[in-house]
1. Can you pull the three principal axis extents for the Cα set of the range A:199-270, in Å, largest first?
2. What is the projected area of the convex hull of the Cα atoms of the protein assembly as shown, averaged over all directions, in nm²?
3. Translational D (Stokes-Einstein, µm²/s) of the range A:1-154 at 4 °C and 1.567 mPa s when Rh comes from the Kirkwood sum over C-alpha pairs?
4. For the residue pair A:LYS205 and A:SER455, what label-to-label distance in nm results when each label sits 7 Å from Cα along the Cα-to-beta-carbon direction?
5. Partner chain Cβ atoms within 10 Å, averaged over the residues of A:552-559 - can you pull that number for me?
6. Given that compact globular proteins tend to follow 2.2 N^0.38 Å, what is the ratio of the alpha-carbon Rg of the range A:122-213 to that value?
7. Take the alpha-carbon centre of the range A:85-162, take the same for the range B:153-228, and report the distance between them in whole Å.
8. To check my understanding: the extent here is largest minus smallest coordinate of the Cα atoms along each principal axis. What are those three numbers for the range A:409-456, in Å, largest first?
Amino acid sequence: MLDNQVPDRQVVEKLKEGITFKPTEAQLKEFAANGASATVVDALKNAPLKQSEGPKVKSPYKRAAQQTQGDPDAAFKEAEAVSEGYYGASVITHCCLETHGAVMAWDPKTNLIDAQVSTQNVSGIAGQMAQPLGIPASNIHMHQQHVGGGFGSKFGPDRWSFVAAELSKMAGGAPVKMMLDRRAELEVAGARPSAFAKVKVGVKKDGTITAWESSSWGTGGPGGGGAYPIPYVFDIPHQRKQHTAVATNTGPGRAWRAPSHPQAAAISMCALEDAAAKIGMDPYDFFVKNIDFTGPRKKNYLEELAIANDLMGWKQNWHQRGDKTAGPVKRGLGLSIHTWGGRGHASDCNFTIHPDGSVEIKMGTQDLGTGTRTAILMVAADALGIGIDQIKLLIGDSNYPVSGGSGGSTTIGGVSSSSRRGAINALNMLLAKIAPSLNAKPEELVSKGNKIYVSGDPSRSLTWQQACAKLGAMPITATGKNPDREHPPDLTNSGVAGVQMADVSVDTDTGIVRVNKMVAVQDCGLVINVKTAASQVYGALIMGISYALYEEKIMDPVSGRMLNPNMQFYRLAGYADVPELVVHMMTGPGYDERGVIGLGEPPVVSPGAAISNAVANAIGVRVPEIPLTPDRVIAALQKGVA
Amino acid sequence: MRQFEYTAPQSTQQAVGLLGQNWAQAQILAGGTDLLALMKDDIEPPKRVVNIKHIPGLAGIQYNATGGLRIGALTKLSEVADNADVRRNYPMIAFAFDEAASPQIRYMATAGGNLCQRPRCWYFRNGFGLLAMKDGKSMVADGDNRYHAIIGNSGAAKFVTPSTIAPALIAHNAKVRIVGPGGQREIELAKFFRTPQSETEREHDLKTNEIVTEIIVPPISGVKTAQYEVRQKQAFDWPLSLASVALSMDGNTVKQATIVLGAVAPVPWVSQEAAQALAGKPINERTADAAGQAAVSIAKPLSRNTYKVQLTRVAVKRAILQAAGGQS
């Protein structure tokens with residue numbers, strides 16, 4: 001019963017409405033052996049028989065309404081060349097190195113639960129557990145200091161947390177740890193839906209895109225899945241598209257880093273690159289030619305394309321489709337562009353300034369290993385005018401002020417905004433307290449370099465320690481919020497642009513693809529810490545190489561089981577597979593003043609498309625689906641369609 | 001993992017006594033890099049684990065020019081890969097050991113264990129049995145066989161041999177020494193591997209109460225060797241196909257060639273066709289490719305692994321060309 005979280009009484013009530021077959025004794029025994037409770041087995045035995053409502057086979061295909069913009073038929077007529085192709089991205093799994101799981105301790109005497117869930121959502125777990133467990137959310141204390149990967153798959157407590165909690169209660173409150181093994185992690189703990197599409201692109205000889213037509217499909221498991229934002233980034237004026245979601249009895253889809261975007265990029269950027277190849281145009285020039293279709297981030301794309309060109313040596317090294325040099329190993333270049341929102345989520349925090357000068361921040365956020373702690377401390381230290389080492393940061397605990405789940409690249413904008421406001425609020429309280437002793441108004445005071453001084457007269461000053469000592473016995477506390485519409489301006493923003501280029505070598509005899517170099521140029525508004533920001537991009541490139549070349553959830557047509565729920569056949573890039581990675585973060589005018597924008601998702605969008613385009617450029621034919629495995633590369637070469 | 005009895009015998013005699021009459025009764029633990037995974041995945045749950053690591057004399061490398069090379073079964077892969085005598089006299093063997101698995105695994109896994117490791121077939125590893133038969137039909141043939149055999153696959157066994165050191169050793173005419181209740185025996189490594197016909201058989205000649213104790217490689221001179229592995233990843237990845245080549249030369253022409261294929265058949269496949277194609281020929285792109293073609297002339301790919309035919313042809317060709325250009 002725990003496993004599907006449907007309480008026995010609900011099952012019993014449903015059974016009372018009748019069932020369409022009489023279960024045999026053997027079947028009843030089997031149900032019991034499989035964990036059905038006695039009341040359920042009894043209800044099953046006594047359930048009235050009812051007429052079957054007839055064969056109601058639900059179609060696994062769910063076709064969405066056709067979407068049309070402009071006049072695609074006329075635009076295709078106007079086109080001087082039409083490129084047609086098939087593209088796709090397979091289902092992949094999250095494959096978190098720390099698998100999903102939890103440690104639960106439910107003390108039956110106090111009815112308090114100490115919960116440690118591997119999660120991206122510290123503040124949001126208790127609320128999801130309360131009702132199913134029949135316990136007030138306020139009785140659940142959730143905490144977690146580190147998480148070994150989530151990528152969008154760890155927002156809920158999941159079935160295993162409930163099981164662990166129930167088992168703990170049965171064991172008198174002893175902590176129960178339940179972590180998925182590798183097989184379960186890959187089978188059930190989340191999958192990125194697949195996307196496939198037949199695409200037609202109309203272009204003029206000067207490179208102007210006139211029209212887009214696509215018929216796409218994909219599966220996100222039993223739920224089918226949603227449509228994809230295609231054509232991606234380029235809002236082609238005349239387009240017609242239709243998506244069909246396919247429901248399958250495979251593991252359920254879950255948000256995977258930049259949901260829908262990597263698939264949309266793999267379909268769109270490859271289709272557009274093929275269109276450029278059709279008219280013999282360098283895709284760099286082709287993208288620039290059509291840059292107006294990219295909308296408000298157009299200027300960013302142009303700046304980033306130019307920088308990526310320099311870092312990759314694109315213009316010096318790009319060649320027409322098909323490396324004409326001798327030997328089986330062919331080299332090529334590919335590019336892709338991407339976008340994402342990334343506005344900061346709701347986030348509250350508490351600031352405490354102690355009379356001894358120490359500072360404490362409490363926030364119910366989490367650090368996924370991306371540098372959230374570093375960023376919060378930098379923002380707070382900068383606002384308070386003191387060193388990072390004087391601040392104690394407490395996160396990862398549901399006892400702290402609520403902060404949003406780390407998904408959709410929303411964390412950095414949320415936590416930095418609330419930290420900034422909390423620090424300013426706390427500082428203002430401190431300045432109000434000490435202003436009389438400096439014979440100044442609070443607004444005349446500046447806090448910088450561990451000193452509080454009167455603006456324009458630095459000789460009238462107190463050290464941070466001296467200033468805090470004036471608080472007396474009691475510390476001061478202040479709160480910081482995001483969003484906080486009463487205190488403009490908004491410190492976070494939305495909408496980024498990114499450009500990536502890949503340089504690959506393909507062994508046309510074996511179909512093995514090696515990435516030689518990748519360039520990523522990325523903006524995310526105001527960068528708080530360049531090192532951890534760049535690290536996000538490095539990680540995304542490595543993850544991108546993995547899904548471009550290796551990752552695929554392979555389902556057995558005979559047994560319906562996942563065949564590769566292990567890290568031998570579910571390959572991830574190893575050190576030796578990671579090439580030279582060049583990351584350039586856009587900073588300075590035009591970027592800094594936009595405010596803080598999230599970065600987790602955007603850099604993982606383009607690698608698949610960029611690498612696929614580079615392979616097409618190298619070998620002269622399109623390998624339609626990622627991952628670009630040897631069998632697919634060889635099949636494409638043998639088919640030989642350019 | 002299921003409960004099991006743990007034993008740690010001090011001698012091969014004791015160990016043999018602890019082994020059972022069938023595989024489910026007892027399993028040998030050496031490096032443990034395969035057995036533990038099999039036990040955790042409930043693929044091979046033995047009632048008793050016989051840890052042979054405490055038996056003295058089963059590890060170590062001995063070499064002399066007249067006697068050849070002896071590798072104790074418990075010798076770690078890394079020790080063989082790093083051994084100066086092996087590197088100097090048997091560079092292909094050193095290469096094969098050095099390319100296997102990952103550094104961490106090479107420090108744990110043993111030479112004997114590598115030969116006895118179970119197939120990586122994903123039907124086997126998912127609990128469908130070594131031959132993965134369902135209602136008398138092969139799940140592999142009807143299912144996803146992209147990594148399965150293209151040669152020697154007409155019977156029930158369609159998995160591929162996983163060892164990447166065995167082809168190199170076989171190309172050097174290695175033997176293995178085996179100890180059982182009746183004493184000691186030696187068998188050519190090429191004959192050690194067998195294609196099982198039923199679910200109760202194994203993919204090697206070892207009886208349930210026998211232990212591999214030593215690998216014996218005869219002395220060589222004037223033989224050019226090379227192994228070529230086609231791998232998706234550059235490291236820590238089982239090859240999709242591999243070829244080990246040993247060439248005895250007569251001036252510029254091949255006197256005798258031994259060409260062993262890995263990852264393409266249920267056993268390391270000694271390709272007579274490739275050897276014949278090369279005999280008496282000089283080595284160049286054309287003859288090497290012809291040998292590759294000959295090697296796959298008998299290939300019968302399954303529904304999804306035709307690409308492996310080309311990979312194997314290329315692996316043979318490249319191994320031959322590398323051997324010709326390499327040390328003798």
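Here, each number is a calculation from the coordinates, and none is a lab measurement. All figures in this text were calculated on a predicted structure; none of them were measured in a lab. Quick reminder, even Gly has a Cβ in these numbers, built from the backbone with ideal geometry, and neighbours come from all protein chains shown.
1. Sorted largest first, the three principal extents are 46, 22, 16 Å.
2. That works out to 49.1 nm².
3. Numbers: Rh = 21.7 Å.
Diffusion coefficient, whole number: 60 µm²/s.
4. Result for the modelled spin labels: 6.4 nm.
5. Working: counts 0, 0, 4, 2, 8, 6, 12, 9.
Mean partner-chain Cβ count within 10 Å for A:552-559: 5.
6. For the range A:122-213, the normalised Cα radius of gyration is 1.82.
7. 48 Å
8. Between the extreme Cα coordinates on each principal axis of the range A:409-456 lie 45, 18, 14 Å.
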